[in-house]
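Participant: Here it is, the structure in full.
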Amino acid sequence: MSTRAESYLVGLIGDGVMPSLTPPMHERAAEVHGLRYLYRPIDLTELELPASGIGELLQAGAKLGFNAFNVTHPCKQLVLGHLDDISPTARAIGAVNTVVIQDGKFIGHNTDASGFSRGLAEGLPGARKKKVLQLGAGGAGAAVAYALLASGTEQLHIVDLDEDRVNHRVQELRKNFPQALVHAATPAQVPQLLGEVDGLLNATPIGMHHHPGLPLDIAALESRHWVADCIYRPVDTELIVAARNLGCQVLDGGYMAVGQAVDAFEIITGIRPETQQVRGHLLELLEKGL
Ligand SMILES: NC(=O)C1=CN([C@@H]2O[C@H](COP(=O)(O)OP(=O)(O)OC[C@H]3O[C@@H](n4cnc5c(N)ncnc54)[C@H](O)[C@@H]3O)[C@@H](O)[C@H]2O)C=CC1
Ligand SMILES: O=C1C[C@@](O)(C(=O)O)C[C@@H](O)[C@@H]1O
């Protein structure tokens, strides 16, 4: 037996999270640091629980001795109303993916944005990021757009098939980054915009195992562009492979997956795992087809 101060009990709450690789990434990092740490997926689909019950789940988790949760689709926004405190970044993005329970209080953070930022710095060192074209304005898109603008991107063009969604996202980003040019664009504008930007970021699900394909026509992609993807299943998406073949610098979605896990682990335990070690572990798991 151990108390909450002597070991860690962590959960991932969301729809379809059973196959997630975040639990094994945390557990391996804990093993490396000699911590007793259990991380369980809590799958709303399997449990037939509504996403609207996230507040009750958090309360139950606190009573059952959990130290923290990662929270994912479709609860990242729903959870906001059930927290005692929210980090300034998570508040600005309007989404929380990490909740720590401290003295009975729920504190929310967003490590999707911080994790993507770190991945960008590590995986694309020195790449020019002044002007960027981003595809996708959903949950991941909100975090990576925030991360780009916070790390110095001056012009960000965001394309989404859902016009209302992209317009809303652009308005929110402009509030947080009034000095930047944030612009909602249409798929028809992509070829022209590619001619103007330094890099391309995919935050759509196109390229995932169950959504194969390319999220755009890559005819206007050049070797001078860097290309980043949020998708890590597969880690080599069609976009990443095509860009690499063209000679572009690439950042696969594994960097963001590792970044969000490493930052959440540090928030939960106070210990920062070695990023390269966690990435090695993630690639090993993906190689095994897990
Ligand atoms: N590496 C990581 O740690 C993470 C990766 N992801 C990945 O990011 C991807 C997106 O996830 P979410 O943002 O949660 O999904 P979401 O469903 O919230 O948003 C996706 C958006 O892409 C738009 N879209 C779809 N096809 C498009 C196209 N061809 N052109 C322009 N827009 C298009 C949709 O209209 C939607 O607004 C998923 O593949 C997910 O696995 C998400 C979270 C973390
Ligand atoms: O959205 C994601 C992805 C994730 O749910 C996963 O399954 O790896 C883990 C979450 O912390 C993160 O915010």
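Participant: Within region 94-108, does at least one residue satisfy the condition of being in a helix (DSSP H, G or I) and aliphatic (A, V, I, L, M)?
Facilitator: Kept after step one, since they are in a helix (DSSP H, G or I), are these residues of region 94-108: none.
No, region 94-108 contains no residue that is in a helix (DSSP H, G or I) and aliphatic (A, V, I, L, M).
Participant: Name the residue that is farthest from ligand 2 (Cβ to nearest atom), counting only residues in region 121-166 that are under 23 Å from Leu78 (Cα atoms) and β-branched (Val, Ile, Thr).
Facilitator: By that ranking, first place goes to Val166.
Participant: Where residues in region 218-238 are out of contact with any Leu (no Cβ under 6 Å at 6 or more places or on another chain) and near ligand 1 (Cβ under 10 Å from one of its atoms), which of them is farthest from Val182 (Cα to Cα)?
Facilitator: Ranking the candidates gives Arg233 first.
Participant: Applying the selection to region 112-144, what residues are assigned to a helix (DSSP H, G or I) and more than 9 Å from ligand 1 (Cβ to nearest atom)? If you could, list the steps in order and put the result at the bottom.
Facilitator: So the first thing to find is which residues in region 112-144 are assigned to a helix (DSSP H, G or I), and the list is 112-123, 139-144.
Once the filter is applied, which keeps residues that are assigned to a helix (DSSP H, G or I) and more than 9 Å from ligand 1 (Cβ to nearest atom), region 112-144 yields Ala113, Ser114, Ser117, Arg118, Leu120, Ala121, Glu122, Gly123.
Participant: To continue, here is another question. Among the residues of region 60-82, how many are within 17 Å of Gln102 (Cβ to Cβ) and in contact with a strand residue (DSSP E or B) (Cβ under 9 Å, 6 or more places away or on another chain)?
Facilitator: Number of matching residues: 12.
Participant: I've got another one for you. Out of all the residues in region 145-166, is one or more of a type in the set (Lys, Arg) and within 7 Å of ligand 1 (Cβ to nearest atom)?
Facilitator: Within region 145-166, the subset of a type in the set (Lys, Arg) is 165.
Right, trim to within 7 Å of ligand 1 (Cβ to nearest atom) and you get 165.
Yes - at least one qualifying residue is present in region 145-166.
Participant: How many residues are within 15 Å of ligand 1 (Cβ to nearest atom), buried (at least 18 other Cβ atoms within 10 Å of the Cβ) and over 14 Å from the mean Cα position of the chain (by Cα) when one looks only at region 239-264? Talk me through it step by step, then tell me what you get.
Facilitator: First, pick out the residues of region 239-264 that are within 15 Å of ligand 1 (Cβ to nearest atom): 239-240, 242, 250-264.
Filter once more, so that each one left must be buried (at least 18 other Cβ atoms within 10 Å of the Cβ): 239-240, 250-264.
Still in the list and also over 14 Å from the mean Cα position of the chain (by Cα): 239-240, 250.
Selection size over region 239-264: 3.
Participant: If you don't mind, another one. For region 60-71, give me each residue that is surrounded by 15 or more Cβ atoms within 10 Å (Cβ to Cβ) and more than 20 Å from the chain's Cα centre (by Cα). Working first, answer last.
Facilitator: Keep residues of region 60-71 that are surrounded by 15 or more Cβ atoms within 10 Å (Cβ to Cβ), which gives 61-62, 66-71.
Residues satisfying the conditions are Gly61, Ala62, Phe66, Asn67.
Participant: What's the number of the only condition in (1) within 16 Å of ligand 2 (Cβ to nearest atom); (2) crowded, with 23+ Cβ neighbours inside 10 Å that Arg169 fails to meet?
Facilitator: (1)
Participant: Residue under question is Arg4, and the condition is that it be surrounded by fewer than 18 Cβ atoms within 10 Å (Cβ to Cβ) and without any contact (Cβ under 8 Å) to a residue 60 or more places away in the chain; does it hold? Outline the logic, then answer.
Facilitator: Details: surrounded by fewer than 18 Cβ atoms within 10 Å (Cβ to Cβ): yes; without any contact (Cβ under 8 Å) to a residue 60 or more places away in the chain: no.
Taking the combined requirement at face value, the residue does not satisfy it.
Participant: Please specify each residue of region 250-279 satisfying the condition of being free of Cβ contacts under 8 Å to residues at least 24 places away in the same chain and under 15 Å from Arg28 (Cα atoms).
Facilitator: Once the filter is applied, which keeps residues that are free of Cβ contacts under 8 Å to residues at least 24 places away in the same chain and under 15 Å from Arg28 (Cα atoms), region 250-279 yields Glu266, Arg272, Gln276.
Participant: Another question, if that's okay. Taking the conditions exactly as written (under 30 Å from Tyr39 (Cβ atoms), surrounded by 15 or more Cβ atoms within 10 Å (Cβ to Cβ), at pLDDT 95 or above and out of contact with any strand residue (DSSP E or B) (no Cβ under 7 Å at 6 or more places or on another chain)), does Thr275 satisfy them or not? Give the steps one after another, and end with the answer.
Facilitator: Values: under 30 Å from Tyr39 (Cβ atoms): yes; surrounded by 15 or more Cβ atoms within 10 Å (Cβ to Cβ): yes; at pLDDT 95 or above: yes; out of contact with any strand residue (DSSP E or B) (no Cβ under 7 Å at 6 or more places or on another chain): yes.
Taking the combined requirement at face value, the residue satisfies it.
Participant: Out of the residues in region 72-118 meeting the condition of being of a type in the set (D, E, K, R) and under 16 Å from Gln260 (Cα atoms), tell me which one is surrounded by the most Cβ atoms within 10 Å (Cβ to Cβ).
Facilitator: Let us first name the residues in region 72-118 that are of a type in the set (D, E, K, R), namely 76, 84-85, 91, 103, 105, 112, 118.
After this cut, where a residue has to be under 16 Å from Gln260 (Cα atoms) as well, the list is 76, 112, 118.
Working: Lys76: 26, Asp112: 31, Arg118: 21.
That would be Asp112.
Participant: Another question, if that's okay. Can you tell me which residues in region 19-49 are in a loop (DSSP other than H, G, I, E, B) and surrounded by 12 or more Cβ atoms within 10 Å (Cβ to Cβ)?
Facilitator: Quick first cut of region 19-49, residues in a loop (DSSP other than H, G, I, E, B) only: 19-21, 33-36, 48-49.
Within region 19-49, Ser20, Leu21, His33, Leu35, Leu49 qualify.
Participant: For region 269-290, what are the residues that are more than 11 Å from ligand 2 (Cβ to nearest atom), touching a Phe, Trp or Tyr at 6+ places or on another chain (Cβ under 8 Å) and not in a loop (DSSP other than H, G, I, E, B)?
Facilitator: Thr269, Arg279, Leu286
Participant: Please find, among Leu193, Leu201, the residue that is touching a Leu at 6+ places or on another chain (Cβ under 8 Å) and either farther than 21 Å from Leu156 by Cα or more than 11 Å from ligand 1 (Cβ to nearest atom) (or both). Before the answer, list the steps.
Facilitator: Details: Leu201 fails: either farther than 21 Å from Leu156 by Cα or more than 11 Å from ligand 1 (Cβ to nearest atom) (or both).
After applying the criteria, what remains is Leu193.
The values are calculated or read from the model by the stated rules, or taken from the named source; none is laboratory data. This structure is a prediction, so every number in the text was calculated from the model and none was measured. Cβ coordinates were reconstructed from backbone atoms using ideal geometry, including for glycine residues, and neighbour counts include every protein chain displayed.
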